[in-house]
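Student: Mind having a look at this structure? Questions to follow.
Each value in this text was obtained by applying a stated rule to the coordinates, not by laboratory testing. No experiment lies behind these values; they were computed from the predicted model shown. Ideal geometry is used to build each Cβ from the backbone, glycine not excepted, and the neighbour counts take in all protein chains shown.
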Amino acid sequence: MNVKTKLSDCLRPLLLGAALLAATAQADVRPLDRVVAIVDNDVVMQSQLDARLREVQQTIGKRGGALPPEHVLSQQVLERLIIENIQLQIGDRSGIRITDEELNQAMGTIAQRNGMSLEQFRQALARDGLSYADARDQVRREMIISRVRQRRVAERIQVTDQEVQNFLASDLGKMQLSEEFRLANILIPVSEGASSSEIQAADRQARELYQQLQQGADFAQLAISRSASETALEGGEMGWRKAGQLPPPFDSMVSALSPGEVTEPLRTPGGFIILKLLEKRGGDTQVRDEVHVRHILIKPSEIRSAEETRRLVERLYQRIVAGEDFAELAKSYSEDPGSALNGGDLNWIDPNALVPEFRQVMSETASGELSKPFQTQFGWHVLQVMGRRATDSSAQFREQQAANLLRNRKYDEELQAWLRQIRDEAYVETKL
C-alpha cells in the first residue's frame, strides 16, 4: 500500500500517533453537537472538529513546536476535514468499499511497523486516549481516500520510455539520481481563474512568509498556520523526494540548497510554494542477488483435498530423487501457469519478489540441490536451485528510479490541482 497514500506506500511506514492523527470519526460526542460545515450531501460536526483539533495539538506538542492561535488552527483543521469529506463522498459514489479482511491486514501492518503485536497496539492506543474502533474507522477512511486518488489521479498519469531515456540523458537526471532530499513545503493557493489582484495578493503573502523565514521564523509553525498544502498539519513535511520529482525550477533550486535552507516562493499551477530542505542523502551502485530456480506447484481443489495434494507432491519429489526429469514432471503436473510450460523454470529472479516461505526454503537449498516439499499460500511446492549470482542492476535500477520520479512529479502536480478542483466544485458552507 507510487501511489501517494498516507498508509502505504502499499501503506507507507508510519509512526504511532502520526498514523492515527485523524482518528475522529466516532470521537466522543458532546451532548450538544452542531454542524460546522455543510459539504455537498454531508456535514462536518463540531465534535469531529474538536477531536481532530485535540489530536493535532497533541502531535504538535510532542514535536516541541509552538502552537498557532486556536482560531487559526481550527480553520486549517476544518479545511482538512472538508477535503477529506469530499473525497469520501466521491469514494461512496464510486462504490469503493474496504473489506474487514483488508482492514484487519492494514491494522496488523501498522502494529508491526511500530514493533508491536495487535494487542500491544490496542493498549498503546488506549494510553493515547484513542479507541481501537475509532482507529479502525479512520484507517478505513484513509484507505478509501487512497483508492479514490488512485482512480482519479494516478491512472491518468503515463510515463513513456522516451521520457525516461530523455531524463536519464539529461544533466539534471544524472545529478538527481545520485541524491535524495527530505523536504517540507508551504503553499499559498491560487484558485483557477483567479484575478490579477488575487494572484498579486498571494504573491505578496508568500514573499512575506519567505522574509519571516529568512529572519528565523519556525517553518513548521508557519506551515501549520498559513499553508494550504495537504501536509500543512504535519508542519509541511513531505518526506523524501528526488529533485527530479519537483517541477522546474525547484529541481535545480533544491539541489543548490544546504539542509535548513528554503527556496524563494515560486508560482506553480496550484499557487506559490516555498520548499525547505531538511536532509539530503546520496545513492550507491545497486548490486542485486539473484537465484536461478525452478519449481513444481500443486494446488488443493474441490476434487483434491489438502492431504491428497501433500501426498501427490511427496510422490513427485520421490520420483525426481529417483532420477526422473524435473522439467518433464513440471510440464505434466505443475499448476503454475507462468512456469509449467518452461519445465517449472522461473529463470533468474530477485528473492525479494517471492513470498517469504518460498524465499526461506530457497535460501536454505544449495545450488544444484532439490528441496523437500513445502507449503505456501499458493499450495505445495518442490523447488530446485540451479544457480546464484550477484548482478549489477544499477542501469535497470536507475531506469526504474527515473520512471518513478517522473510519475511522482506528475502525480504531485496533478494531485494538488485535483484537490483544488474538487474543493472549488463542491458546495461548502462553513459555520464556524
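Student: Taking loop as defined by DSSP and a crowding limit of 14 other beta carbons within 10 Å, which trypsin sites (Lys or Arg not before Pro) in region 361-432 fit?
Tutor: Filter output for region 361-432: Lys431.
Student: I'd like the projected area of the chain, averaged over all directions, using the convex hull of its alpha carbons. Report it in nm² with one decimal.
Tutor: So the mean shadow area of the Cα hull is 25.8 nm².
Student: From the backbone phi of region 423-428, what are the Karplus-calculated ³J(HN,Hα) couplings (6.51 cos²θ - 1.76 cosθ + 1.60, θ = phi - 60°) in whole Hz, Gly and Pro given as x?
Tutor: Per residue, the Karplus-derived 3J(HN,Hα) values read 5, 5, 7, 7, 7, 10 Hz.
Student: From zero outward in steps of 5 Å, how is the percent of C-alpha pairs of region 35-152 spread across the bins?
Tutor: 2, 10, 16, 19, 20, 18, 11, 4, 0
Student: Please compute the contact order of region 35-152 in relative form: average sequence separation of alpha-carbon pairs under 8 Å and at least six residues apart, divided by the residue count, as a percent.
Tutor: 25
Student: Are there GluC sites (Glu not before Pro) in region 181-228 that DSSP marks as loop and that have at most 10 other Cβ atoms within 10 Å, and which are they?
Tutor: Glu192
Student: Averaging over every viewing direction, what projected area does the convex hull of the Cα atoms of region 287-392 cover, in nm²?
Tutor: 6.4
Student: Counting only pairs 8 or more residues apart or on different chains, how many lysine pairs in region 230-375 have their Cα atoms under 23 Å apart?
Tutor: Eligible lysine pairs with Cα atoms under 23 Å apart amount to 5.
Student: Moving to a separate point now. Straight-line reach only, C-alpha to C-alpha below 17 angstrom: list the aspartates and glutamates that Lys431 could link to, leaving out same-chain residues fewer than 8 apart.
Tutor: Qualifying aspartates and glutamates at Cα under 17 Å: Asp33, Asp40, Asp42, Asp50, Glu70, Glu79.
Student: Follow-up question, since we're still on this one. Quick one: Cα convex hull volume of region 196-323, Å³ per residue?
Tutor: 236
Student: Still on this structure, please answer the following. Between Ile349 and residues 5 or more places away or on another chain, which pairs have amide H atoms under 5 Å apart, with H built 1.01 Å from N, and which residues are they?
Tutor: Long-range HN contacts for Ile349: Val291, His292, Val293.
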